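Undergrad: Provided herewith is a single structure, encoded as structure tokens, for subsequent inquiry.
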Amino acid sequence: MDSIMDGDMIGLFALLVGLELILGVDNVLVIAILVSRLPEEKRNLSRNFGLTLAMVARIVMIIGGLKLIELTEPAWPNGPAWFAYSMRDLALMAGGLFLIWKAVKEIHSTVEMEEEKGPSGVGTSFGYAITQIVILDIVFSLDSVITAVGLTNNRIVIITAVVLSFGVILFFAKPIGEFILANVSIKILALAFLIVIGITIFMEGMGKHVDKKLIYMPMGFAMVIQFLQMRHSQNMEKLSPKSKSQ
């Protein structure tokens with residue numbers, strides 16, 4: 001019996017680590033885009049600091065008894081019948097809207113090449129970037145912890161999975177971030193993913209459950225197609241008359 005329980009726990013732990021890795025990619029995308037506005041010498045510090053904050057935010061919510069997640073009673077008990085949203089719902093909706101706004105703003109900035117036209121002002125502030133990272137870390141922590149708690153109430157298992165997954169993410173965050181920023185098409189696609197994730201989080205706040213598989217599988221498929229297009233472009237450049245003459 002104990003061996004079966006141990007096997008179940010190991011399988012659950014592996015599943016949690018996998019889920020945290022998938023959900024942690026959202027943080028990598030956001031942080032990579034936010035730190036791109038900072039001077040190059042500050043990017044590593046802010047990237048590592050942002051990911052550490054993301055891990056701490058998840059652990060604090062787990063240790064703290066998931067208080068915000070447990071606030072499912074209407075935030076306005078005596079309000080109108082149509083307003084039956086809890087503090088958790090309002091936090092998810094506000095976070096989803098903020099993520100949508102930020103992604104749309106970054107897409108516009110990238111497409112209109114605002115950085116090439118001149119300095120972006122407050123967008124280059126270290127404190128401004130860290131503040132946005134903190135807000136988004138809390139939003140992603142809600143989504144991550146809700147997913148984890150749906151599988152188990154064992155806080156030690158959840159915290160261990162979070163720490164292990166973020167160790168892996170921290171190791172790959174820099175190359176992933178630099179690759180995204182070096183390829184504009186990938187950056188825009190990643191920002192489009194964040195819009196979808198923001199809509200998903202907002203719908204969760206509205207009480208509409210969205211199956212994560214229906215979100216992440218099309219994202220993965222779109223990313224594979226984008227990589228194939230990039231590979232095709234590279235091969236075309238190699239076969240071009242100019243490259244042959246060189």
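Here, each number is a calculation from the coordinates, and none is a lab measurement. The model shown is predicted, which means the values in this text are computed figures rather than measured ones.
Undergrad: Amide H of residue 86: which non-local residues (sequence gap of 5 or more, or other chain) have their own amide H closer than 5 Å, using H built in the peptide plane?
TA: It is 75, by chain and number.
Undergrad: Which entries in the list 102/174; 42/213; 102/238; 187/213; 42/102; 42/187 go over 27 Å, if you measure between the two C-alpha atoms of each? Don't jump to the answer; show the numbers that get you there.
TA: Values: 102/174 21 Å; 42/213 36 Å; 102/238 37 Å; 187/213 22 Å; 42/102 21 Å; 42/187 20 Å.
As for pairs spanning more than 27 Å Cα to Cα, those are 42/213; 102/238.
Undergrad: A further question on this structure: Please list, ordered by chain and number, the residues whose modelled amide H lies under 5 Å from the amide H of residue 183; skip anything fewer than 5 residues away on the same chain.
TA: Excluding prolines and chain starts, which carry no amide H, there are no hits.
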